[in-house]
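This report refers to the structure that appears directly beneath it.
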Amino acid sequence: MRGQSILEVNEICKAFGPTKALRGVGLKVRSGEALALIGENGAGKSTLLKILSGAHRADSGQMSIDDKPFRPSGPSDTRQSGVAMIYQELNLAPELSVEDNLLLGYRGSGGGLLIRKRQRPKVIEALETVGLGGLSPTAIVGEQSLATQQMIEIARALVAEARIILFDEPTSSLPKKDVARLFAIINELKEREIGMVYISHFLEEVREVADRYAVLRDGENVGEGRMEDADDDTIVSLMVGRDVKNLFPTVAHRPGEPWVSVQKLTGFRYPKKINIELRRGEIFGIAGLVGAGRTELIRTIFGLDHSSAGSVSVNGKPIRPTIGERIKAGFGFISEDRKNEGLAQDLSIVDNLTLSRLADYTTIGVLNLKHRKRAAEKLLERVQVKCNASDQAVSELSGGNQQKVAIARILHQQADILLMDEPTKGIDVGTKAEVYQMLGEMAATGKTIVFVSSYLPELLAVCDRIGVMARGELRDVRDAVDWTEEEVMKVAIG
Amino acid sequence: MNFRRIFKAIFQSQLGPIFALAFILMLFAIADQRWSSGNYLSPRNFRVMMNSAALIAVPALGMTMIIIAAGIDLSAGTALTLCGTVLATQFKYAAVASGEPGFVWVVLQAVGLTLLTGCLCGLVNGSLISLTKVVPFIVTLGTMTIFLGVGQIISKESTVYADEKNIPGWLSDFCYTGSNSERYLNFGVFPNVPNSVLLTLVLALAVVLLLRYTVFGRNVFAIGSSESTARLCGVNVPFTIIAVYTLAGVFVALGGLMYYANVKNGNPSDGMGKELEIIAAVVLGGGSLSGGRGSILGTLMGALIITAIRSGCAQLSILNTYTHIIIGGIIIVAVIVDQLRHGSPEWFFRLLPAKSTEG
């Protein structure tokens with residue numbers, strides 16, 4: 001029956017070493033509704049989801065499904081109990097067909113044999129439910145778009161007859177029109193009396209899709225209720241535990257003389273003939289859909305991707321297209337892929353911070369480790385990274401703190417032209433505000449920032465000018481005050 | 001006294017391989033006392049073990065750097081005996097005998113060519129890996145047989161013996177483990193330590209300093225941990241990779257020189273399988289084949305662990321076949337333990353008693 005509670009979680013505690021990730025969390029998921037789980041990074045949302053999905057085990061507390069105790073010993077156990085998880089990073093086997101992915105881990109009859117034909121109707125039904133009726137079950141998953149892959153993940157949950165689906169930031173890398181598609185599917189799933197837990201950083205999104213919310217802070221459930229009964233300010237102050245006056249703090253700065261000139265820059269596919277003139281102390285935003293070539297553009301400017309034509313000059317002087325030369329000319333880069341490219345996860349914070357400018361600490365080739373550590377710690381303090389020690393591995397930090405380390409690195413590098421690809425992706429509201437503040441301060445000291453983002457409110461609030469990209473081209477550049485969200489989207493989908 | 005906490009601290013410290021070595025030495029020493037001659041820890045056997053370990057450890061120093069940079073070198077074994085064969089051929093066809101005027105040039109040329117061969121082997125590996133982007137496993141699998149073939153051409157498919165009088169004295173004494181203390185360098189400080197061991201210690205110290213206190217060393221770790229991050233930070237990745245393999249080639253050449261000093265002949269096919277021993281030493285010492293992790297102290301301990309087991313089994317007259325099985329088993333156990341150490345799962349520590357009985 002719709003509205004009946006399916007999943008109940010009581011007094012869940014979980015500690016990792018000395019850090020208590022969860023201190024007695026309780027919540028209820030009812031059939032046919034989506035519960036939004038909201039909280040800053042490190043509040044314990046992901047840990048809770050991992051416990052629900054069987055990846056971690058709780059230290060204490062109880063969980064039950066349909067009043068029967070639920071103690072998952074691992075992912076396959078969770079599946080058997082009707083719980084499916086849709087991860088932030090998709091969890092499909094890209095080389096396999098859609099069908100094989102849907103049936104992966106499925107224990108149907110057949111005595112260990114996979115008789116695809118017998119499962120076909122089930123597969124097709126699941127695909128239709130998620131709006132992929134036209135997709136061939138034998139198509140290769142890796143060749144599908146990111147959005148389609150996400151739908152395939154949901155279809156897999158349906159094939160497994162999941163009654164509870166957990167979404168971990170499902171929209172973080174989806175373009176807007178696919179977000180709408182996802183929401184339509186979630187509404188469809190509500191009709192089928194499936195209960196959902198939905199984690200997201202985007203409040204407006206949560207508002208659109210969730211019926212109820214629960215806010216986690218420091219591993220505790222600090223408030224819950226019906227979505228329509230709470231306004232954004234209430235929820236945000238629950239999240240951060242204080243009133244956040246300003247989600248988009250700005251620092252006064254004035255763009256100065258022309259400085260960096262990108263001329264007809266062309267990559268192998270994207271970007272196409274891009275011209276940009278950047279001024280000193282300017283924050284230049286780049287908007288556009290995922291796949292519009294924004295990432296390729298700033299990677300090509302930095303020299304990470306090869307250019308087939310065009311030039312990048314600083315102060316009228318063309319800079320050769322190698323990373324070494326570009327770094328020397330003052331460029332710095334923050335990757336959108338923090339985990340694989342942005343930071344070397346196993347290395348220490350100090351190593352990550354100083355990697356791009358180690359030569360400062362050498363005398364006749366010998367590194368002065370103490371000197372280096374001191375400089376790094378000063379920077380960590382400046383950007384307020386929460387860590388136990390500076391020689392801690394970066395992988396042990398929360399997402400927001402990792403991003404601060406990445407930003408600290410380009411500060412340390414003394415870069416003057418900062419190319420930032422989704423610098424606020426996957427970090428919480430409080431840290432986002434800190435990042436905006438830092439960007440403003442950097443611009444005020446005369447640094448130039450190129451800010452790529454899919455989150456329009458932040459671009460509109462923080463940038464001086466915004467350019468919108470579509471299909472590898474820079475379609476339109478205006479002062480930020482002359483844009484509205486609707487107009488940006490109109491250009492972006494054009 | 002909290003037993004669990006102390007155990008955890010020891011278990012997670014860098015010193016793991018040292019404790020493992022101590023444990024193995026103790027085990028064999030007891031077994032040796034009980035069932036055999038009791039010579040296991042005699043000074044002489046100890047020297048033999050140290051020397052054998054040095055033969056593995058020197059090329060393993062280079063391998064450690066390669067493995068830290070997320071690479072692997074399967075050609076190290078055949079490259080090592082190729083170098084040994086080059087050295088042997090030089091002495092075999094030397095125009096002047098030891099002690100005669102001009103012999104110093106023969107030695108310089110022979111050693112120079114040996115080092116050059118090692119460098120070239122490493123350069124070939126490094127260049128292929130970094131320019132073609134073929135994975136190191138495949139590249140070095142190929143060069144492994146290539147180096148074997150080249151060695152066989154040089155040796156004319158037989159074992160190369162040089163006349164005793166053509167071999168310089170220092171090289172003859174290099175791996176000497178007997179009781180004549182005049183054949184050791186000593187320096188008045190270390191009584192009767194094999195010269196090969198002294199060289200190993202010096203080289204190991206040099207690599208430790210290189211990895212820890214130079215930009216190059218930090219770049220090697222960065223590449224191994226995440227190559228794309230290193231590239232993004234402006235590290236010259238292709239150059240660094242080529243340099244790592246070339247440098248490792250120098251260590252392989254020095255290993256070849258020691259191998260020649262030890263067996264006094266050069267046989268290119270002797271090297272088959274040596275690479276696995278070298279890699280095993282690195283892995284036993286905590287090196288991770290996925291890169292970013294490895295320690296020189298660990299590698300030295302790894303080499304010692306392998307020789308300690310081999311020598312112990314020999315002392316106890318355990319058949320060679322069983323020795324292979326024991327060493328293989330230890331490698332797997334070591335890697336499992338290493339993973340436990342890094343994952344540090346709480347369930348594992350909970351298996352231990354919380355308090356010691358003496359309380």
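Positive end of the charge dipole of the range A:258-492 (Lys, Arg +1 and Asp, Glu -1 on Cβ, about the Cα centre): tell me which of A:477, A:352, A:311 has its Cα farthest that way.
Towards the positive end, the residue furthest out is A:311.
Taking 20 Å² as the minimum loss, tell me which residues in the range B:219-233 lose that much accessible area going from the chain by itself to the full protein complex (1.4 Å probe).
The answer is B:222, B:225, B:226, B:228, B:229, B:231, B:232, B:233.
Which shape class applies to the protein assembly as shown: rounded if a/c is under 1.5, otherwise prolate when a/b exceeds b/c and oblate if not, where a ≥ b ≥ c are the square roots of the Cα gyration tensor eigenvalues? Kindly include the intermediate steps, with their values, before the conclusion.
Working: a/c = 2.13, a/b = 1.58, b/c = 1.35.
Prolate, because a/c is 1.5 or more and a/b exceeds b/c.
With no solvent and one equal point scatterer placed on each C-alpha of the range A:388-475, evaluate the Debye formula and give log10 I(q)/I(0) for q = 0.15 Å⁻¹, two decimals.
Relative scattering, expressed as log10 I(q)/I(0), comes to -0.62.
How big is the charge dipole of the protein assembly as shown about its Cα centre, in debye rounded to the nearest 20, if each Lys and Arg gets +1 on its Cβ and each Asp and Glu gets -1 on its Cβ?
Working: 85 positive and 82 negative charges, 319 e Å.
That gives a dipole near 1540 debye.
Kindly write out, for the range A:49-60 in residue order, the coupling ³J(HN,Hα) from the Karplus curve 6.51 cos²θ - 1.76 cosθ + 1.60 (θ = phi - 60°), rounded to whole Hz, with x marking Gly and Pro.
Karplus values, whole Hz, x for Gly and Pro: 4, 5, 5, 5, 8, x, 6, 10, 10, 5, 6, 7.
Which distance in nm do the two modelled labels at residue A:115 and residue A:59 give, with both placed 7 Å along the Cα-to-Cβ direction?
According to this spin-label approximation, the distance is 5.0 nm.
Which of A:443, A:431, A:365 sits closest to the plus end of the dipole of the range A:293-447, meaning its Cα is farthest towards the positive end, when Lys and Arg get +1 and Asp and Glu get -1 on the C-beta?
A:365
At a cut-off of 50 Å², which residues of the range A:328-375 become less accessible once all protein chains are present than in their chain alone, using a 1.4 Å probe?
At a threshold of 50 Å² (probe 1.4 Å), the residues of the range A:328-375 that become less exposed are A:341, A:347, A:355, A:367, A:369.
Leaving ligands, DNA and RNA out of it, rank A:33, A:220 by accessible area with a 1.4 Å probe, largest first. Walk me through the intermediate numbers first.
On the way: A:33 15, A:220 85 Å².
Descending accessible area places them as A:220, A:33.
Round to a whole number: what % of the accessible area of the range A:258-492 belongs to carbon and sulfur, probe 1.4 Å? If you can, show how the numbers build up before the last one.
On the way: 4420 of 9440 Å².
Summing carbon and sulfur atoms, their accessible area is 47 percent of the total for the range A:258-492.
In debye, nearest 20: dipole of the range A:258-492 around its Cα centre with unit charges on the Cβ of K, R (+) and D, E (-)?
Working: 32 positive and 30 negative charges, 154 e Å.
Around 740 debye, computed over the range A:258-492.
Using a 1.4 Å probe on the protein heavy atoms only, what accessible surface does residue A:438 show? Give it in Å² to the nearest 10.
20
Once the Cα atoms of helix A:176-191 and of chain A are each reduced to a long axis, what angle between those two axes, in degrees from 0 to 90 to the nearest 10, is obtained?
Between helix and principal axis, roughly 20 degrees.
To the nearest 10 square angstrom, how much accessible area does residue B:333 have with a 1.4 angstrom probe?
Rounded to the nearest 10, the figure is 90 Å².
Probe radius 1.4 Å, ligands and nucleic acids left out: which of A:8, A:161 has the largest accessible area, and how do the rest follow? Before the final figure, lay out each step's value.
Working: A:8 50, A:161 115 Å².
These residues rank, largest area first, as A:161, A:8.
What range in chain B is the longest one free of GluC sites (Glu not before Pro) that are in a loop by DSSP and have at most 13 other Cβ atoms within 10 angstrom?
Working: sites that count: B:157, B:358.
By the stated rule (loop sites, at most 13 other Cβ atoms within 10 Å), B:158-357.
Distance from the Cα centre of the range B:52-129 to that of the range B:236-270, in angstrom?
The range B:52-129 and the range B:236-270 have Cα centres separated by 5 Å.
Which residue, chosen from A:48, A:21, B:31, occupies the Cα position most advanced towards the positive end of the dipole of the protein assembly as shown, where the dipole is computed from +1 (Lys, Arg) and -1 (Asp, Glu) charges on Cβ about the Cα centre?
Among A:48, A:21, B:31, the one farthest towards the positive end of the dipole of the protein assembly as shown is B:31.
Collect residues whose amide H, placed 1.01 Å from N in the peptide plane, falls under 5 Å from the amide H of residue A:287; neighbours closer than 5 in sequence don't count.
Amide H neighbours of residue A:287, under 5 Å, 5+ apart: A:467, A:468, A:469.
DSSP beta bridges in the protein assembly as shown, what fraction antiparallel, as a percent rounded to 5?
Values: 47 of 82 bridges.
If we restrict to bridges inside the protein assembly as shown, about 55 percent are antiparallel.
Using only helices, what value at 222 nm comes out for the protein assembly as shown when you add -39,500 (n - 2.57) per DSSP H run of length 4 or more and divide by the total residues, to the nearest 500 deg cm²/dmol? Show your work: numbers first, answer last.
On the way: 31 runs with 409 residues, N = 853.
Computed mean residue ellipticity for the protein assembly as shown: -15500 deg cm²/dmol.
Net charge within 10 Å of residue A:447 by Cβ-Cβ distance, Lys/Arg positive one each and Asp/Glu negative one each, not counting residue A:447 itself? Present the calculation step by step, with values, prior to reporting the outcome.
On the way: positive: A:280; negative: A:282, A:416, A:441.
Net of charged neighbours comes to -2.
Nearest 100 Å² is fine: how much accessible area is buried between A and B, summed over both sides, with a 1.4 Å probe?
On the way: alone 22560 and 17340 Å², together 38150 Å².
Separately minus together, A and B give about 1800 Å² buried.
Calculate the length of the line joining the C-alpha centroid of the range B:167-191 to that of the range A:137-195, in whole Å.
Cα centroid of the range B:167-191 versus Cα centroid of the range A:137-195: 73 Å apart.
Ignoring ligands, DNA and RNA, how do A:483, B:170 rank by accessible area with a 1.4 Å probe, largest first? All intermediate terms of the calculation are to be shown ahead of the outcome.
On the way: A:483 15, B:170 115 Å².
My answer, sorted largest first, is B:170, A:483.
Using the alpha-carbon centroid of each, what span in Å lies between the range A:39-88 and the range A:346-377?
41
Using +1 on the beta carbon of Lys and Arg, -1 on that of Asp and Glu, and nothing else charged, what's the dipole of chain A about the Cα centre, debye to 20?
Numbers: 64 positive and 67 negative charges, 257 e Å.
So the magnitude is around 1240 debye.
Give the carbon-plus-sulfur fraction of the accessible surface of chain B in %, rounded to a whole number; probe 1.4 Å, heavy atoms of protein chains only. Intermediate results must be reported in sequence, preceding the final value.
Working: 11090 of 16420 Å².
Using a 1.4 Å probe with all protein chains present, chain B comes out at 68 percent carbon and sulfur.
Assuming a ≥ b ≥ c are the square roots of the Cα gyration tensor eigenvalues, decide whether the range A:280-401 counts as rounded (a/c under 1.5), prolate (otherwise, with a/b larger than b/c) or oblate. If you can, show how the numbers build up before the last one.
Numbers: a/c = 2.19, a/b = 1.44, b/c = 1.53.
Note, shape of the range A:280-401 comes out oblate.
Among the listed pairs A:370/A:425; A:339/B:274; A:273/A:490; A:20/A:339, give every one whose C-alpha distance is greater than 25 Å. Walk me through the intermediate numbers first.
On the way: A:370/A:425 33 Å; A:339/B:274 37 Å; A:273/A:490 21 Å; A:20/A:339 23 Å.
Beyond 25 Å between Cα atoms: A:370/A:425; A:339/B:274.
Which of rounded, prolate, oblate describes the range B:17-341, given a ≥ b ≥ c as roots of the alpha-carbon gyration tensor eigenvalues and a/c under 1.5 marking rounded, otherwise prolate only if a/b is larger than b/c?
Numbers: a/c = 1.65, a/b = 1.07, b/c = 1.54.
Cα axes put the range B:17-341 in the oblate bin.
Keeping every protein chain present and rolling a 1.4 Å probe, give me the accessible area per residue for the protein assembly as shown in Å². Please report the intermediate quantities before stating the final value.
Details: 38150 Å² over 853 residues.
Value returned for the protein assembly as shown: 45 Å² of accessible area per residue.
The values are calculated or read from the model by the stated rules, or taken from the named source; none is laboratory data. On a predicted model such as this, the values are computed, not experimentally measured, just so you know. All Cβ positions, glycine included, derive from the backbone under ideal geometry; neighbour counts span all protein chains shown. Accessible surface areas use protein heavy atoms only, side chains included; no ligands, DNA or RNA. Shrake-Rupley method; radii C 1.70, N 1.55, O 1.52, S 1.80 Å.
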